[in-house]
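What follows is a set of notes on a single structure, which appears directly below.
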Amino acid sequence: MTGPVSYWVVIPAAGIGSRMRADRPKQYLPLGDRTLIEQTLDCFLCQPGLNGLVVCLAADDPWWPELACAQDSRIVRADGGQERADSVLAGLQALLARGAGMADWVLVHDAARPNLTQEDLYKLLATLADDPVGGLLAVPVRDTLKCADAQGRVASTPDRSRYWQAYTPQMFRLGALRDALTQALGAGAVVTDEASAMEYVGLAPRLVEGRSDNIKVTRPEDLQWLSRHSKPH
Ligand code: C5P
């Protein structure tokens, strides 16, 4: 690889985050002196290869315009959709309208995953720069896994050695990701991340091992944990 890989970013942020039981979507909760989403955006905004970034927001989101980064000319806003995959698709359309090409790399990253390090971002970009499919940051599972039956009892213990937790960013070519999401959604497939859409069309995204503390804030204790652990640099 010569020079920085150039790429676009989609930040899906149109969810409600009901498991946080907060008065606003989780990305607007404070972490240190700023909101979660501002901390999340930092990692991309100081990277040399960034072409532009789209945040996918609920149409009636009143919090975003209050943030300083809403004025950043590299960031555009798009209206999110019903499911995360719909929001990402809307983000890809917004990037195309901004001049992105079908073969350009796009990184999709959760709004509430503020602990991404420059090192992990660079590792993802460098590892996948010449990859025919793309891939994602992920972490091998460390605990023994249990599969439950309908009564909440252990039905089986799968071999954990081949299981990974899927993190973000997830990095794919814009056109390929758009086609995969469109096909998967059209068929009614369950699409909880971008990689699963690529898998749906028969492709095998590459797993790039990242830091386990690049967590997504889902429950109140996650935010408490992050506030006690400053981001490593
Ligand atoms: O709810 P969960 O944490 O899995 O959501 C992951 C990300 O997808 C969040 O950043 C959330 O705001 C976003 N999302 C979205 N549009 C939806 C649902 C979720 O952008 N309809």
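One table, with the values for the structure above:
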{"quantity": "Residue satisfying condition, being away from the ligand (no atom under 16 Å from the Cβ), of a type in the set (A, V, I, L, M) and touching a helix residue (DSSP H, G or I) at 6+ places or on another chain (Cβ under 8 Å), within set Leu174, Leu223, Leu185, Leu181", "calculated": "Leu174"}
{"quantity": "Per-region count, region 64-98, residues out of contact with any strand residue (DSSP E or B) (no Cβ under 8 Å at 6 or more places or on another chain), more than 12 Å from the ligand (Cβ to nearest atom) and not aliphatic (A, V, I, L, M)", "calculated": "5"}
{"quantity": "Residues within region 90-111 that are crowded, with 22+ Cβ neighbours inside 10 Å and assigned to a helix (DSSP H, G or I), tallied", "calculated": "3"}
{"quantity": "Positions within region 132-163 being among the hydrophobic types (A, V, I, L, M, F, W, C) and either over 16 Å from the mean Cα position of the chain (by Cα) or in a loop (DSSP other than H, G, I, E, B) (or both), in sequence order", "calculated": "Val133, Val141, Leu145, Cys147, Ala148, Ala150, Val154, Ala155"}
{"quantity": "Number of the exception - Asn51 against (1) away from the ligand (no atom under 13 Å from the Cβ); (2) touching a Ser or Thr at 6+ places or on another chain (Cβ under 6 Å); (3) part of a helix (DSSP H, G or I)", "calculated": "(3)"}
{"quantity": "In region 172-191, the residues that are in a strand (DSSP E or B) and touching a Phe, Trp or Tyr at 6+ places or on another chain (Cβ under 7 Å)", "calculated": "Arg173"}
{"quantity": "Yes/no for Gly81 being assigned to a loop (DSSP other than H, G, I, E, B) and over 28 Å from Tyr122 (Cβ atoms)", "calculated": "yes"}
{"quantity": "Exclusive hit being surrounded by 13 or more Cβ atoms within 10 Å (Cβ to Cβ), in contact with an Asp or Glu (Cβ under 6 Å, 6 or more places away or on another chain) and over 25 Å from His229 (Cβ atoms), set Leu128, Leu181, Leu174, Leu185", "calculated": "Leu174"}
{"quantity": "So Ala155, is it open to solvent by 60 Å² or more (accessible area, probe 1.4 Å) and either in contact with a Cys (Cβ under 8 Å, 6 or more places away or on another chain) or within 23 Å of Leu29 (Cβ to Cβ) (or both)", "calculated": "yes"}
{"quantity": "Yes/no for Gly15 being modelled with pLDDT under 95, more than 9 Å from the ligand (Cβ to nearest atom), not in a strand (DSSP E or B) and not β-branched (Val, Ile, Thr)", "calculated": "no"}
{"quantity": "Residue check, Trp105 touching a Phe, Trp or Tyr at 6+ places or on another chain (Cβ under 9 Å) and either hydroxyl-bearing (Ser, Thr, Tyr) or within 15 Å of the ligand (Cβ to nearest atom) (or both)", "calculated": "no"}
{"quantity": "Filter pass, Pro169 being open to solvent by less than 30 Å² (accessible area, probe 1.4 Å) and either of a type outside the set (Gly, Ala, Ser) or in a helix (DSSP H, G or I) (or both)", "calculated": "yes"}
{"quantity": "Count - residues of region 23-42 that are outside any helix (DSSP H, G or I) and open to solvent by less than 50 Å² (accessible area, probe 1.4 Å)", "calculated": "4"}
{"quantity": "Count of region 43-65 residues which are in contact (Cβ under 8 Å) with a residue 60 or more places away in the chain and surrounded by fewer than 19 Cβ atoms within 10 Å (Cβ to Cβ)", "calculated": "3"}
{"quantity": "Output for region 192-230, where each listed residue is closer than 21 Å to Pro140 by Cα, open to solvent by less than 60 Å² (accessible area, probe 1.4 Å) and part of a loop (DSSP other than H, G, I, E, B)", "calculated": "Asp193, Pro205, Gly210, Ser212, Asp213, Asn214, Ile215, Val217, Thr218"}
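The values are calculated or read from the model by the stated rules, or taken from the named source; none is laboratory data. All values derive from a computational prediction rather than experimental measurement. Counting neighbours? That spans all protein chains shown, and the Cβs are built from the backbone with ideal geometry, glycine included. The area values use the complete protein model at the heavy-atom level, side chains included, leaving out ligands, DNA and RNA. Shrake-Rupley method; radii C 1.70, N 1.55, O 1.52, S 1.80 Å.
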